[in-house]
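Comments concern the structure below.
The values are calculated or read from the model by the stated rules, or taken from the named source; none is laboratory data. Just so you know, these numbers come straight off a predicted model, no measurement behind them. Neighbour counts are summed over all protein chains in view; Cβ atoms, including those assigned to glycine, are modelled from backbone coordinates with ideal geometry. The protein model used for the area step is the full one, side chains on, heavy atoms only, and it has no ligands, DNA or RNA in it. Shrake-Rupley method; radii C 1.70, N 1.55, O 1.52, S 1.80 Å.
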Amino acid sequence: MASLLQLFSLFFPCLLISTASSSQIPKRYIVYMGSSSEVNDEAAESDHLQLLSTVIPGQDSGRISLIHHYNHALRGFSAMLTENEASELSGHDGVVSVFPDSVLQLHTTRSWDFLEGQSRPRFSHGSYQHKSSYDVIIGMIDGGIWPESPSFRDEGMGEIPTRWKGVCMEGPDFKKSNCNRKLIGARYYSVPHTSNGNMTTQMRVDKSPRDTVGHGTHTASTAAGAQVDNASYNGLAQGTARGGSPNARIAMYKACSEDGCPGSTTLKAIDDAIKDGVDIISISIGMSSLFQSDYLKDPIALGAFHAEQMGVMVVCSGGNEGPDPFTVINAAPWIFTVTASNIDRDFQSTVLLGNGRTFQGSAINFSNLTRSETYPLAYGKDIAAKFSPISEARSCYPGSLDPEKVKGKVIVCVDSFPTVSREIKKLVAEDAQAKGLILINENGKGAPFDSGAFPFTEVGSATGYKILKYINSNKNPTATILPTADVPSYRPAPVVAYFSSRGPSVLAENILKPDILAPGVAILAAVIPKFVQGNALTGKKLLEYAIKSGTSMACPHVTGASAFIKSVHPKWTASMIRSALMTTATVYDNMGKPLTNSSGSFAMPHETGVGEISPLKALNPGLVFETTSEDYLKFLCFSGSSEKTIRSMAKTNFKCPRNSSDNLISSINYPSISISRLDKTRGFRTITRSVTNVGLPNVTYTATVQAPLGLKVKVLPKKITFVENVRRVPFRVSFDGRGASTGYNFGSLTWSGGPYSVRVVFAVNVK
């Protein structure tokens, strides 16, 4: 008879691995060594291998090899190390940090017309096209690209800028001829990654820059796609598709597969993009908010820091973990952090009940059902499989429904198990041969789910209650679900998406994050083409565009807007462009009312940032806040990094200010203000800022303040004038919270002068 230990090891082998032995299993680590040295690649690689040999024992010499090495904007490498070896290596001179190589995740037309309409400028986007003499290059770090998409045609584009130093890598399905004057570069990274550190479960690797998921093609075309007439998703959202900066060049860095994006590869892609000569890097990926670590162990934050040092702007998605607070990611001050909103177009599917009543649900479905026939309607709990808990059946939990009872019916489920995605619920219904699915979900209805040909729609709690009441009060309830239709001129918009991650930032509450709001709900853009079955007359149709939602979609809107501004103002730095977009953002929807969130409540800056981007207004902001490299180094000081570490990162003899503390972060020259703690008893704090004139000369600006009741805010001086030879002027903002409500108080100060209005949002936490 087997012993208990043998039986236990059979069923639970992983629990018998000792802590000591598991720490000796080699895993992928990133070794970060600060700013790049002057040595060439070959010498740097030799140095890195020599360093590895000091911690890896001779019997494991096969592991003395580099997965990636970084030697342009930053210095370091990634390699297979045990926990002990990583710990030993972190103590070496010249090593700033050593951390496990985590797998980051992808954060997965009309939107640009909507943004321009919201701007209400005295000029048009088109009027600036002929003035844009600077060729902007956007580096997309994503999952690859579909080069044949019409969005990447290069008609009318000039020669590739001579400063471009990148490559167009070939693969079995990707040739150099796939690149052109629009798509000027494409790289892929063929190193497999393992999520658990051993070599048994590897990510799939495609040795080609070609997109296999559809995410990278979508984001790239949103940022800088060429104008394409009559684009649609199988007839939905028909119109002209174009990116925010249609004349910009695109370089794709394929760092992701269907399984995710290794942090070491993402860091390598950032280093390559800087070396290749991009102006802006767009990153719609990130780690879970639960696993955020300090900036010295975050590959995106590290790469973005060095990009900023080299004059390259980095725009990132803020994550899809809303609506809980403290979930925003990619929130370092040198990153432009984006959250998502809807636009003035919705997609709705009609639910027709047997009694003639109709209800509108949110959906993208190409149902073949019609008004001429309805089908039996059943609630999930009434068609449960034997022994299934009612709570699971009412939520379409996998395995909870009886296929015989489901077959041929339209079923109703509620979203009481949010961890079970809409895709899974739809598959549960579809596999059981249901005629359709009505999902009651108050939160998800703001971002329509694409169910393909399967009849699906999503309704809120109030509508769901009426449908359930109809089921309970009728002996033979029936219903049908009609195919989706466009709803133009939808109101209100923009509205903060339910899924968008919220601030404040866990790591730096004294920087207001996210920064800005942009369209990220139901965005039409290019994807991997696919054939779908049309009707008897049309046969199969090729779909080259699709509708997706996420902060992944919001990020390239800001990337495109930034590239547009850079093309008009080529000498502006990343912080100047960010400031222009932030201080001109709108805080009103298309009904003229303050922005709201998906629950209908007024949206706060921890949801919206400073507001929704208005790219045309940002072309002429009047004043900008220049956040300098010194500001970022001070931020690192105030966050607790040592002078030695900071000097390694910046190659300077920088000295931290005396008495550095995190509350001093509030005074770095950022285009918004956040104070994580204002003592209610003492209640007084002064913040400093400086503004740079990029508008007309000889303009006098006057400060006005909007503050909640009880919070006293004073600006000194109240007026500033930019006379000849005066380019930059400082000012102070004093906050007195002794009479304010406890908790976060939000407001703004606005500098108005001539044709300009420069708005600065503040968030003050009174305790």
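Values for this structure:
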| quantity | calculated |
| --- | --- |
| Subset of the range 717-735 [aliphatic (A, V, I, L, M) and closer than 30 Å to ASN745 by Cα] | ILE720, VAL729, VAL733 |
| Strands (runs of 3 or more DSSP E) completely within the range 450-493 that count 3 or more residues being over 13 Å from GLN348 (Cα atoms) | 478-481 |
| So ASP294, is it surrounded by fewer than 24 Cβ atoms within 10 Å (Cβ to Cβ) and either in contact with a Lys or Arg (Cβ under 6 Å, 6 or more places away or on another chain) or assigned by the TED database to the domain that holds PRO455 (or both) | no |
| Residues that are modelled with pLDDT of 95 or more and not basic (Lys, Arg), drawn from the range 720-736 | ILE720, VAL729, PRO730, PHE731, VAL733, SER734, PHE735, ASP736 |
| Flag for ILE528 being modelled with pLDDT of 95 or more, surrounded by 23 or more Cβ atoms within 10 Å (Cβ to Cβ), closer than 25 Å to GLY560 by Cα and assigned by the TED database to the domain that holds HIS215 | no |
| Test: SER3 is more than 30 Å from GLY143 (Cβ to Cβ) and either surrounded by 19 or more Cβ atoms within 10 Å (Cβ to Cβ) or modelled with pLDDT of 90 or more (or both) | no |
| Test: residue in the range 70-90 that is at pLDDT 90 or above and among the aromatic types (Phe, Trp, Tyr) | yes |
| Within the range 733-763, considering residues that are more than 21 Å from THR688 (Cα to Cα) and outside any loop (DSSP other than H, G, I, E, B), the one nearest to the chain's Cα centre (by Cα) | GLY743 |
| Subset of the range 615-634 (residues that are in a helix (DSSP H, G or I) and under 29 Å from SER567 (Cβ atoms)) | PRO615, LEU616, LYS617, ALA618, SER629, GLU630, ASP631, TYR632 |
| Per-region count, the range 670-686, residues of a type outside the set (Gly, Ala, Ser) and surrounded by fewer than 18 Cβ atoms within 10 Å (Cβ to Cβ) | 7 |
| Residues of the range 687-706 classified as open to solvent by less than 20 Å² (accessible area, probe 1.4 Å) and among the polar types (S, T, N, Q), total | 1 |
| Residues of the range 590-607 satisfying the condition of being surrounded by fewer than 21 Cβ atoms within 10 Å (Cβ to Cβ) and either among the polar types (S, T, N, Q) or in contact with a helix residue (DSSP H, G or I) (Cβ under 7 Å, 6 or more places away or on another chain) (or both) | ASN590, THR596, SER599, SER601 |
| Neighbours by Cβ (under 8 Å, 6+ apart or cross-chain): first from the range 567-580, of a type in the set (Val, Ile, Thr); second in a helix (DSSP H, G or I) and open to solvent by 10 Å² or more (accessible area, probe 1.4 Å) | VAL568/TYR128; VAL568/LYS131; ILE577/LYS566 |
| Boolean, VAL610 is open to solvent by 30 Å² or more (accessible area, probe 1.4 Å), at pLDDT 95 or above and either in contact with a Pro (Cβ under 8 Å, 6 or more places away or on another chain) or closer than 19 Å to VAL691 by Cα (or both) | no |
| LEU616 open to solvent by less than 10 Å² (accessible area, probe 1.4 Å), in contact with a helix residue (DSSP H, G or I) (Cβ under 6 Å, 6 or more places away or on another chain) and over 27 Å from PRO755 (Cα atoms) | no |
| Residue that is among the β-branched types (Val, Ile, Thr), open to solvent by 10 Å² or more (accessible area, probe 1.4 Å) and out of contact with any Asp or Glu (no Cβ under 9 Å at 6 or more places or on another chain), where the choices are VAL568, VAL587 | VAL568 |
| GLY600 vs. criteria assigned to a loop (DSSP other than H, G, I, E, B) and of a type in the set (Gly, Ala, Ser) | yes |
| Count of residues meeting criterion [under 15 Å from THR692 (Cα atoms) and assigned to a loop (DSSP other than H, G, I, E, B)] in the range 709-727 | 5 |
